[in-house]
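K.L.:
Here it is, the structure, as structure tokens.
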Amino acid sequence: MNLVPSRNQRRRLRQLPQALAIAALVWTTSAAAALPPAPSPAFAGIVGLQEDYLSASHWIAQLPDPDRLILDRAGIAAQNARMRALDSSIHDLRQLPADVPRALVQAQINAISVVPTRPLYDVAGKPVTAAQLRALAHNLALAKIPASRPLQYGLVTHRAALRAFPTDLRVFSSQGDTDIDRFQESALFPGDAVAVLHESADGRWVFVTSERYTAWMEKRFVGIGSATQVFGYAASGPYRVVTGATAFTAHTPEEPRVSGLQLEMGVRVPVLQDWPAMQPVNGQQAHASHVIQLPVRNADGSLALVPALLPRSQETASDYLALTPRNLLTQAFKFLGERYGWGHSYDTRDCSGFVSEIYRSFGVLLPRNTSAQAVSPALDRIAFSDKDGKARRDAAIAGLQVGDLVYIPGHVMMAIGHAGGLTWVIHDTSGGSWFDAGGSRVHAHLNGVSVTPLEPMMASDTASYIDRISNLQRIRPQTQE
């Protein structure tokens, strides 16, 4: 056998490395094309995030019909009527008895003012003492609830905390973690109507029912008036609706009660359209502002309505916004980066407050808490249980539309679109976690309004957010299907 290669064989051998290299390149290119694209590097440490995802315009551009009207004004009115009729978390103040019986008041207080038995700590990290808890219970003044009391109506005059107890003592579950005050429940805004049911022993607090919540608030922030005054306020136009995350009235030392007042997204205030052009309002001519009417509390506790200036530089509109996908995204992203505020602490909001105030700017009524929002019979609900497997959950997530609300226990997120093979949400969250490329769970102290993908988010080491989804809710026309 001749083992010496011929000239042609030697030439082919010299060409072999080049041929192999070309073949390897072709195989690598075709194989890469068959694989899913590698995830983009995380922007600012958030899994899958790209910087342009932090703009509403990015998600609006993906929509085939961003100005599609989801519900018109008549549809929203019908939706709100359904909410008031079907959802037990919504209170009709006008249906309360003219004389409120003791049993009703005591039952409402006992439902929320439950003296805690677990250890709690104050802002300095010191344990809340048994004596402090006894003082809180005493301040409820349960023994002083009369057999019946005349029903009083009022308007909230200033952003006011709603508390589980009549106290400004902030308490926490662990030392050093002072974000989640366990006595903080919610907040009310200027112009909100309340029914006053009781007063604390120290006279500083009142127990009130609003349309969406019942709790304690500071007495100094409510003016007591007639039913006509209270329910007639901002009931008809002209008015301004706050469309920014917040708006502020003009500073006025002449009337400090309405000076620099914070108004939240969706708050509606009446406009004094006939105010004389050359007549100043609290020391300032109104040509660059809207002259609005705001409730204030007189020295005797009674309600008065006074003029104030709402600068035209503040984001407001003459009516509620049209409920469209474009506007849902635009409104949601106005809160982006805002600090998380449990129970509306820090003059901000939490996850359920975030979504309800977005929808409030369209005139849509939602329950206050996630526990009520998630199961509201007035919305278009898809419920999940432990028996629902991955296929049903994945199909539901794939079908999410802009503005849909996604609930896991204790939390709500709003769908904004799909990108990079993932479903994206915007939510007001205290934190989040996901697994990195090495399989380690990354914990992110987001603590504010954030944009994140849904699929990678983990509720624990073994359960994802999708595994924990309890309900999806959608606001859309109701049919008789």
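The values are calculated or read from the model by the stated rules, or taken from the named source; none is laboratory data. Because the structure is predicted, anything quoted here is derived from the model rather than measured. All Cβ positions, even for glycine, are placed from backbone atoms using ideal geometry, and neighbour counts span all protein chains on display. These area figures cover heavy atoms from the full protein model, side chains too; ligands, DNA and RNA do not enter into them. Shrake-Rupley method; radii C 1.70, N 1.55, O 1.52, S 1.80 Å.
K.L.:
Name, by its number, the condition in (1) free of Cβ contacts under 8 Å to residues at least 40 places away in the same chain; (2) open to solvent by less than 70 Å² (accessible area, probe 1.4 Å); (3) in contact with a Phe, Trp or Tyr (Cβ under 9 Å, 6 or more places away or on another chain) that does not hold for Tyr121.
P.N.:
Condition (1) is where Tyr121 drops out.
K.L.:
Mind checking which residues of the range 429-467 are at pLDDT below 95, open to solvent by 60 Å² or more (accessible area, probe 1.4 Å) and within 18 Å of Leu405 (Cα to Cα)?
P.N.:
If the condition is that a residue be at pLDDT below 95, open to solvent by 60 Å² or more (accessible area, probe 1.4 Å) and within 18 Å of Leu405 (Cα to Cα), then no residue fits.
K.L.:
A further question on this structure: Which one of these does Ala419 not meet: (1) closer than 21 Å to Asp388 by Cβ; (2) of a type in the set (Gly, Ala, Ser); (3) open to solvent by less than 20 Å² (accessible area, probe 1.4 Å)?
P.N.:
(1)
K.L.:
In addition: What's the number of the condition Thr228 fails, among (1) buried (at least 18 other Cβ atoms within 10 Å of the Cβ); (2) of a type in the set (Val, Ile, Thr); (3) out of contact with any Pro (no Cβ under 9 Å at 6 or more places or on another chain)?
P.N.:
(1)
K.L.:
Additional query: Mind telling me which of the residues Arg204, Arg212, Arg220 ends up being free of Cβ contacts under 8 Å to residues at least 40 places away in the same chain and under 22 Å from Phe183 (Cβ atoms)? Even if it seems obvious, please write down each step before you answer.
P.N.:
Numbers: Arg212 fails: free of Cβ contacts under 8 Å to residues at least 40 places away in the same chain; Arg220 fails: free of Cβ contacts under 8 Å to residues at least 40 places away in the same chain.
One residue alone meets the criteria, Arg204.
K.L.:
Continuing with this model, one more query. Of all residues in the range 153-206, how many are open to solvent by 10 Å² or more (accessible area, probe 1.4 Å), part of a strand (DSSP E or B) and more than 22 Å from Val114 (Cβ to Cβ)?
P.N.:
Selection size over the range 153-206: 2.
K.L.:
Let me ask you something else. Search the range 346-380 for residues being over 12 Å from the mean Cα position of the chain (by Cα) and part of a helix (DSSP H, G or I), and hand back the single one that is surrounded by the most Cβ atoms within 10 Å (Cβ to Cβ).
P.N.:
Ala372
K.L.:
Could you list, ordered by first residue, the pairs with Cβ atoms under 6 Å in which the first is in the range 153-166 and under 11 Å from Asp347 (Cβ atoms) and the second is outside any loop (DSSP other than H, G, I, E, B) and of a type in the set (S, T, N, Q), at least 6 apart or interchain?
P.N.:
Arg159/Gln262
K.L.:
So, in the range 60-88, how many residues would count as being under 24 Å from Ser210 (Cα atoms) and among the acidic types (Asp, Glu)?
P.N.:
So the count comes out to 1.
K.L.:
Restricted to the range 210-225, and to residues that are within 15 Å of Ala187 (Cβ to Cβ) and in a strand (DSSP E or B), which residue is most open to solvent (accessible area, probe 1.4 Å)?
P.N.:
By that ranking, first place goes to Glu218.
K.L.:
In this structure, is Leu86 farther than 25 Å from Ala332 by Cα, surrounded by 12 or more Cβ atoms within 10 Å (Cβ to Cβ), within 25 Å of the chain's Cα centre (by Cα) and modelled with pLDDT of 50 or more?
P.N.:
yes
K.L.:
Specify the residue that is nearest to Val449 (Cα to Cα); the eligible residues are those in the range 46-63 that are among the small types (Gly, Ala, Ser) and exposed (fewer than 15 other Cβ atoms within 10 Å of the Cβ). Before you say what the answer is, go through the steps one by one.
P.N.:
Narrowing the range 46-63 to residues among the small types (Gly, Ala, Ser): 48, 55-57, 61.
From what is left, the residues that are exposed (fewer than 15 other Cβ atoms within 10 Å of the Cβ) are 55, 57, 61.
Values: Ser55: 13, Ser57: 17, Ala61: 21 Å.
Filtering first and then ranking leaves Ser55.
K.L.:
Specify which of the listed residues (Gly244, Gly260, Gly266) is part of a loop (DSSP other than H, G, I, E, B), open to solvent by 30 Å² or more (accessible area, probe 1.4 Å), within 28 Å of Thr330 (Cα to Cα) and not basic (Lys, Arg). Walk me through it before giving the result.
P.N.:
On the way: Gly244 fails: open to solvent by 30 Å² or more (accessible area, probe 1.4 Å); Gly266 fails: open to solvent by 30 Å² or more (accessible area, probe 1.4 Å).
Result of the check over Gly244, Gly260, Gly266: Gly260.
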